[in-house]
1. Select, from A:ARG7, A:ARG12, A:ARG20, A:ARG74, the only residue that is modelled with pLDDT under 90, assigned to a helix (DSSP H, G or I) and charged (D, E, K, R).
2. Among (1) within 14 Å of another protein chain (Cβ to nearest Cβ); (2) under 17 Å from the mean Cα position of the chain (by Cα), where does A:SER154 come up short?
3. Which of the residues belonging to region A:228-252 are over 20 Å from A:ARG76 (Cα atoms) and crowded, with 16+ Cβ neighbours inside 10 Å?
4. Just checking: which of the helices (runs of 4 or more DSSP H) contained wholly in region B:79-165 hold 2 or more residues that are within 10 Å of chain A (Cβ to nearest Cβ) and closer than 21 Å to B:ASP61 by Cα?
5. Can you list the helices (runs of 4 or more DSSP H) found entirely within region A:136-180 that contain at least 3 residues being under 18 Å from A:LYS102 (Cβ atoms)?
6. Could you tell me whether B:LEU59 is at the interface with chain A (Cβ under 9 Å from one of its Cβ atoms), touching a residue at least 60 places away in the same chain (Cβ under 8 Å) and not in a loop (DSSP other than H, G, I, E, B)?
7. Given the criteria polar (S, T, N, Q), assigned to a helix (DSSP H, G or I) and within 14 Å of chain B (Cβ to nearest Cβ), does A:THR273 qualify?
8. Identify all residues within region B:170-191 that are in a helix (DSSP H, G or I), out of contact with any Phe, Trp or Tyr (no Cβ under 9 Å at 6 or more places or on another chain), small (Gly, Ala, Ser) and more than 13 Å from chain A (Cβ to nearest Cβ); write none if there are none.
Amino acid sequence: MLRVSQRLVSSRVGVSSAVRALSTSTACLSFKHSQRVFNTPQNRTDFGSYSLNYNPIPIPESEANLSPALHALRSRLQLTNEYPLSTLGRALTGSKSIDGEKYVNNAGMAQFGKNLINYYVTEHFLVKYPRLPTKVLNEVAYAHFSESSLSSTSTLWGIEVNNSTIIDSLISAESEQLRFGKLRFAKQFEDLTSQADEGIIELTTKDQRNRALGETTARAQAVQAIIAGIYAHRGRQAAREFIINHLIKNKKVDIDTLLQFPQATRELSRLCTREGLESPVSRLLAETGRNSAAPVFIVGVFSGNNKLGEGQGASLREAKTRAAVNALKGWYLYSPLDVQVPSITEADANTQFKSVYVDKGTVVI
Amino acid sequence: MFNLLPRSTARGVTHTFIRSISYIKTPVRGLKKAQDSAMITAKGELRPWSTDAANLSGLKDFLGSEFALPDSLALQVLTHKSFQHGFKGYNEKLALIGDKLLKVHIDSYAIQQESTNVTRVNQINFDCLGSPMNKFLSNTNVLGEFALRHGLTDSIYWKCRLDNLGQSSPADSGLYSVAEKTMTAIVGAISLHHGGAKAAQFVNQKLLQGEDSLINIADEKYDSY
């Protein structure tokens, strides 16, 4: 019989390095936004009087109607005629617009869409897996709303980037309406000043480079802005349904692999103490080939008469650890049945809502 | 170190017994602290972690009957992760969801203000988002100040950050950060217990209206940050 260590020492839940790589920061979006210049009213809290200081104009609906790409995109996303093409065209105008762009960009819409996506995605997983450790919950949600994820979504939606320069457009006499259906933004250029050959003059200024966007960011912002457009024209509930159908349901993340327990037995012991359960005890259930080259041990971890988990391994220690990990996964991956998300009441405040399970928090050791 | 009184032996030789007291600075693995030592509040009071009316009265008064929470959930809302090394139920996840929800509602409030901006979309002015004042509304200092003015900080269970001399000032004690977490946890708890519609009503009624609303506090403090 093996006895699980009873010492109560700190532990932590690790997150696999592969997923951690996904969590590269969202490129300081707030900082980029703060670079925008606003016409700020005298009463700073009068948000209705704010506007952008380069005095942009909206894309006229009559012009947007002439863009086949906008019609195609609207149909592809199953957006009804309630969603004007001028709004869709604005959503495809990058927050760092190319010089000379007279139409309003999607920066504000992207910020609002981002907040909506962050909330609904996090809410979905928090309610579905209420005991998930906070770090893992964040990683799972991030896998759905990160820039790279949203950028892939925009590719699936068939959003194309406008790669032609202003000079190209003038030479080919391309009509303006054709550009509305493509994602337009000031692209990032590499800093050539340090490695430019003699006689080569860089025409872009540092200021222009700072105002540029990476394609991944621009694509992600377009997706966020399209969702903000749904909110504006069809309401919040429609935006929520769109997020669930296009960003949550179509992406599978294997949460099981995200959980790692560097000190599984200690964490299980601490968890049992917190929950008022009997201290966990590991017991050998079966074994074969103890003296052979390939032994197999099966160990169960018990709290009183209740079996919490089971594991097998080539050594007693390995089997004991696997049993503790199995028990912890059983705890953290608990998912209640027939649960409602709180946002379901947003459409109708009279909807009967059953309170959801609230977890006490990740075990700290 | 101190000396005990010298003793004489039968041979007339004097022995001195010495007893030493050592202070072990490094933590001893597995050593458990007395639970009471972690229940001392930032004000130095010993306050048991329980659903006693005295502990929850501040929060209950603030919520009123309309947004009331069950006692156990209210106690969890008021418990920060730093309290008792996270051994009691704490508000981290409530604050996580509450923070995201609060940002949505603050932005919704801003964009739905009446506007004459030519670039508004279906009467919604998205152009105010990203402005410094818009971002400041959900700032740690503004939410912390809100909690302070509404008397919620006295009820929070948390571990105050102390310097080497055991002192702390409001600026570096972590109070505002903990108070911000509590405020967002309240929003999260109302959402998970009463539903999203009620949470929206709570934010609009309790946080964005009144003399000490987030908007007025942000306007007051804007120039000093």
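The values are calculated or read from the model by the stated rules, or taken from the named source; none is laboratory data. Only a predicted model underlies this, so the values are computations on that prediction, with no experimental measurement involved. For neighbour counting, all protein chains shown are included, and Cβ atoms are generated from backbone atoms with ideal geometry for every residue, glycine included.
1. Result: A:ARG20 is the single residue among A:ARG7, A:ARG12, A:ARG20, A:ARG74 that is modelled with pLDDT under 90, assigned to a helix (DSSP H, G or I) and charged (D, E, K, R).
2. Failed condition: (1).
3. A:ARG236
4. By residue number, B:92-111.
5. A:166-172, A:176-180
6. no
7. yes
8. B:SER177
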